[in-house]
Each structure stands twice: as C-alpha cells, then as structure tokens.
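Encoded as structure tokens, the structure appears first; notes follow it.
The values are calculated or read from the model by the stated rules, or taken from the named source; none is laboratory data. Being a predicted model, the structure only gives us computed values, none of them experimental. Because the Cβ atoms are built from the backbone with ideal geometry, glycine has one as well, and the counts that use them run over all protein chains shown.
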C-alpha cells in the first residue's frame, strides 16, 4: 500500500548511550524519507557521542566506544541531518516519547534551529499498542508475517517500522476503535494528519511529557505538585516555579518551550497593566506633555494663590 502524502514523511530511529533525554547522546541515526509518489531516500550515520557508551547500551545495540571514537560528533553533522529532514513530517516507533525529544536535545546543543511547528508526528507504536499491544519485533511478525532480522540496528528497525505502518493501514481499514470515553471511530486511515491525531496520546507540548495540552488546548504541568494545572495559572500564583524549572534537570527543549510560554505570559501581563493604567490615569497631551484641560471652569485667582507664586519664584 502506498502512503497518501501531501509532503514527505521521514521515518527515523536513534540508537543512544541511554534513555535519559537530558543526559544521554545519539550514537546512530537512520532516516527513511518517503516522498509523495513513493520515492525513498535514506540517511544513516553513526555518531561520536563525546561520552563513554555504557556497557548495557552497547550490548543492546551493538555499538561500542571503539566503533565511534574517530567519527564526527552530532554537532558536526547536525546541519546535514536538518537539511535532509527539511519540512518533512516525522514518524517512528515510540518516537513521540523518545526519538523526537532526544533529537531536539541534540539540535539545541549544536545550536541548530530545527522547528517542530507545523509538522505532523506519527508514532507507529501508539497505533500498535492501542490496537494490539506488542513490541516492534512482535509487530513485524504479526503484521508482516515475517521474522525481524537484525533487530535493534537503526536501519533495520526504521525500515521495519515503515513496513508495519503500511500493514496496519491495510489491516485496520474501516475497523472501529472505542476510546476511554466510549467514543467509537475508525482512526487508522491513510492520512498523516489523522494518524498524527490518533498517535499523540498525551498531547504533549514538549514531547518529553513534562508539559501537555489539556482538553481546552491550554498547556498544563504534567508532573509534581502542579500536575494538571494550566501553566499560565502556575506562573500567576507561583512565578518562581518558572525559574526552578529553568535551573532544574529538565530537557533543553522543555526549557525552550517553557521560556516561550513565560514570555507570552509576561507580554500579556504588560499589555493588561498598561490598559489598566490607561483607564485609571488621565491621558496627557503628546505635544505639551500636559494633562488635557478639564471641562470645569477655571477657578478665580486669589491673593493666597499670588503669594504662593511669589514665594516659589522669588519675585
């Protein structure tokens, strides 16, 4: 089945030094870019993470320090990755929770401005978990009826993810799904925007899940004592919480999104304050910098007033 695409869709997978988005680094990235019409392009590279790869991670993906010690860092390849992705929508397996935020951390560290705005995000794992609840290897076996060889190598995984999505579209064409509210729909359709809506389960603001959109579409805190509260309400009642998060051990992209929300909040407060001041204080004449004259008649000059003026000017 050929995907119905309005613009390119980039399937990508990362192998990393670990799973801590704020600390760990990429050691391998593979991108399979699908164009409208079915044309494919692949970009695959290993990366020097500039830190030791833990033994448990190396045993998982098969990449050791010796394999990457002489390779360029992500910062040296960041522009190449950005240009290859272009304006493509992004897809992957567990990509919304891990690969997208990890990639954004690396772009920010490399001082490369890669925007996530106006992109669709298709997380194939979320389709799978909601419809069948299995792993990638089992998903490939279930949907494609074959064993997945070379699992946990980036290019094999990313190509398997692409094949699984196409098989899912065939299998669930017209199949009903009931969500937790009892609403019934047919969400798995050959349309990236629809898949974006169905696979973004937590509706994240920052992809790391620290900030999420609520039912009103407003950004909310998704952890700790303020969990479930609107971000702007937290700024209003406890503005120091912003500084605490900016200085805390949070992903860089989370901090970047939070800074944008904070600046919007401050600008809104500034406009509101200026409006309130404008309603409480009389406007001044811009030419004379004096208050406009009142409609009340001028008061007659008295002897007391003349004496006060003489004392003020010494005449």
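Quick notes on this structure:
For every residue, the table says whether it meets (1) farther than 27 Å from residue 130 by Cβ; (2) surrounded by 22 or more Cβ atoms within 10 Å (Cβ to Cβ); (3) modelled with pLDDT of 95 or more.
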{"site": "20", "(1), (2), (3)": "no, no, no"}
{"site": "32", "(1), (2), (3)": "no, no, yes"}
{"site": "41", "(1), (2), (3)": "yes, no, yes"}
{"site": "49", "(1), (2), (3)": "yes, yes, yes"}
{"site": "66", "(1), (2), (3)": "yes, no, yes"}
{"site": "81", "(1), (2), (3)": "yes, yes, yes"}
{"site": "97", "(1), (2), (3)": "no, no, no"}
{"site": "102", "(1), (2), (3)": "no, yes, yes"}
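- Where residue 107 falls short, out of the listed (1) buried (at least 18 other Cβ atoms within 10 Å of the Cβ); (2) more than 22 Å from residue 161 (Cα to Cα); (3) at pLDDT below 95: (3)
- Taking the criterion of being in a loop (DSSP other than H, G, I, E, B) and surrounded by 15 or more Cβ atoms within 10 Å (Cβ to Cβ), the residues of segment 113-134 that qualify are 114, 116, 119, 120, 134.
- Meets criteria (at pLDDT below 60, surrounded by 11 or more Cβ atoms within 10 Å (Cβ to Cβ) and either outside the structural domain of residue 115 (by TED's automatic domain parsing) or in contact with a helix residue (DSSP H, G or I) (Cβ under 9 Å, 6 or more places away or on another chain) (or both)) for residue 315: no
- Only listed residue being touching a helix residue (DSSP H, G or I) at 6+ places or on another chain (Cβ under 9 Å) and touching a residue at least 60 places away in the same chain (Cβ under 8 Å), chosen from 137, 171, 166: 166
- On inspection, residue 62 qualifies as closer than 17 Å to residue 153 by Cβ and exposed (fewer than 15 other Cβ atoms within 10 Å of the Cβ).
- Residue check for residue 60: more than 21 Å from residue 111 (Cα to Cα), more than 23 Å from the chain's Cα centre (by Cα) and in contact (Cβ under 8 Å) with a residue 24 or more places away in the chain: yes
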